[in-house]
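First comes the structure, then the notes that go with it.
The values are calculated or read from the model by the stated rules, or taken from the named source; none is laboratory data. Keep in mind it's a predicted model, so treat the numbers as computed, not measured. We place every Cβ from the backbone using ideal geometry, glycine too, and count neighbours over all the protein chains shown. Ligands, DNA and RNA are stripped out before the accessible areas are found, and what is left, the full protein with its side chains, is counted by its heavy atoms. Shrake-Rupley method; radii C 1.70, N 1.55, O 1.52, S 1.80 Å.
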Amino acid sequence: MRYGIIGSGMMGAEHIRSIALIDGAQVTAVADPNEQMRLAAQNLAGTCCRGFTSYADLLDANCCDALVIATPNDTHHAVLLDILTTDLPILVEKPLCATPAQCEEIAQITNDRNAPVWVAMEYRYMPPVARMLEAVREGVAGDIKMINASERRFPFLNKVDNWNRFNDRTGGTMIEKCCHFFDLFRLIAGSEAVRVYASGGMDVNFLDENHAGRKPDILDNAFVVVDFANGIRAMLELCMFAEGSVWQEIIVATGDTGQVTAKVPAPKRFTPDNHNHVACVAIAKRATKTEITEEVAIDQTVLAAGDHYGSCFFQHQHFLDMLSSQGVPEVSVADGLAAVRIGDAAEQSAKSGQAISLFATDSSLA
């Protein structure tokens, strides 16, 4: 399977490294107007990889069987409008687009498209999170009533043109960073969000930065509560000035008979050398008042491919399986739209101080 990568920044490079580890897959083309980044990506992908200054030229070259979009958030809409006219399978990085309106337009277009579009919600594919989701499906915690997630991590990294410092380019932190968690909340709850309340601020990061006369305006911490149509409630705690935390993500699903907890360590390059923790999943039972913890280790080569605990690699395995079997995306455009809607509501709530109501068409997800 020949892959074309549109965008060769940090995530583009992670996709290239992950695809390189999969038998039957190869990156044959990279498109990026930034020459230095494009050449670095070509070098990473190998001698068979061609470079293009635009994705239009990449498409004209007819050298790919599938496309990965890894460009800045605010470009997704325009790129998708162009490449959805092809018959190539697409994996588009999260968020699907930077605004709900843009996502809705893409969702409408893809209704009539035969080739699949997969939204890259990598957190589903982190091995400890995948194990937690499996345990929830098995019913080990009973009927889920509450979900909570905590992410304590480093600030946004430096990226080309500092695009990730601004709400109008990212959609806001609640969309850019937190759509992963809102996607997981929906997946675990099996329902759609009906109400979102958020309290957040920009209190520590980038306060002294100035980019061509513009000051960053993204949130760096927040609490978010999400109510679902079926009565399940979820809460997110985000802190992006917490370098040194052993566990970057902790996700808990609590039911009437127990709870399942996934713990994911921070990437090694952002933690002290003495933080050599392995991800784990803990299952606690109310009846026995016991908790059993199992480590979820992954191959070091896969771990070294990126900063998301191997999730990009495992996602690509599933994506390639879908292409090979002519199946359907595990993360649909509708999923991507729903996560952005929750993130947008959280941004609105944090600004207004008011809870935001959402319309849910159904109380449960298929």
For the chain, take the convex hull of the Cα atoms, compute a quarter of its surface area, and give me that in nm², please. 18.3
Using the membrane-span-like helix rule (whole DSSP H runs, Cα extent along the own axis of at least 20 Å, mean Kyte-Doolittle hydropathy at least -0.5), which helices of the chain qualify? 311-325, 333-352
Once the Cα gyration tensor of region 222-270 is diagonalised, what are the square roots of 5 times its eigenvalues, in whole Å and ordered largest first, as equivalent ellipsoid semi-axes? 26, 15, 6
Tell me the volume per residue, in Å³, of the convex hull enclosing the alpha carbons of region 97-210. 173
Under a point spin-label approximation (7 Å from Cα along Cα-to-Cβ), what is the ASP82-ASN34 distance to one decimal in nm? 1.7
Ranking request for peptides 77-85, 293-301, 333-341, 92-100: highest mean number of other beta-carbon atoms within 10 Å first, then the rest in descending order. 92-100, 333-341, 77-85, 293-301
Mind checking which lysines have their C-alpha under 20 Å from LYS145, skipping anything on the same chain fewer than 8 residues away? LYS263, LYS285, LYS289
With labels modelled as points extended 7 Å from the Cα through the Cβ direction, what inter-label distance (nm, one decimal) is found for ASN62 paired with ASP168? 4.1
How large is the charge dipole for the chain, taken about the Cα centre, if only the Cβ atoms of Lys, Arg (+1) and Asp, Glu (-1) carry charge, to the nearest 20 debye? 640
Span from the region 296-366 Cα centroid across to the region 66-104 one, whole angstrom: 14
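Calculated from DSSP H runs of 4 or more alone, at -39500 (n - 2.57) each and per residue, what is the 222 nm mean residue ellipticity of the chain, nearest 500?
Numbers: 12 runs with 118 residues, N = 366.
It lands at -9500 deg cm²/dmol.
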Distances longer than 21 Å among the Cα atoms of region 288-366: what percent of all pairs is that? 61
Accessible-area composition of region 1-114, carbon plus sulfur, in percent [1.4 Å probe]: 47
One checks the Cα atoms of region 1-130 and finds Rg and Dmax, in Å, of 14.1, 41
Could you calculate the contour length gain from PHE241 to LEU157, that is, 0.36 nm times the residue separation minus the distance between their Cα atoms, to one decimal place in nm? 29.1 nm
Could you check the spin-label model distance between ARG2 and ALA115? Points 7 Å from the Cα along Cα→Cβ, value in nm. 1.3
Nearest 20 debye, what's the magnitude of the dipole of region 222-366 about its Cα centre given +1 on Lys and Arg Cβ and -1 on Asp and Glu Cβ? 320
The distance between the Cα centres of region 1-35 and region 232-263, in whole Å, is 31
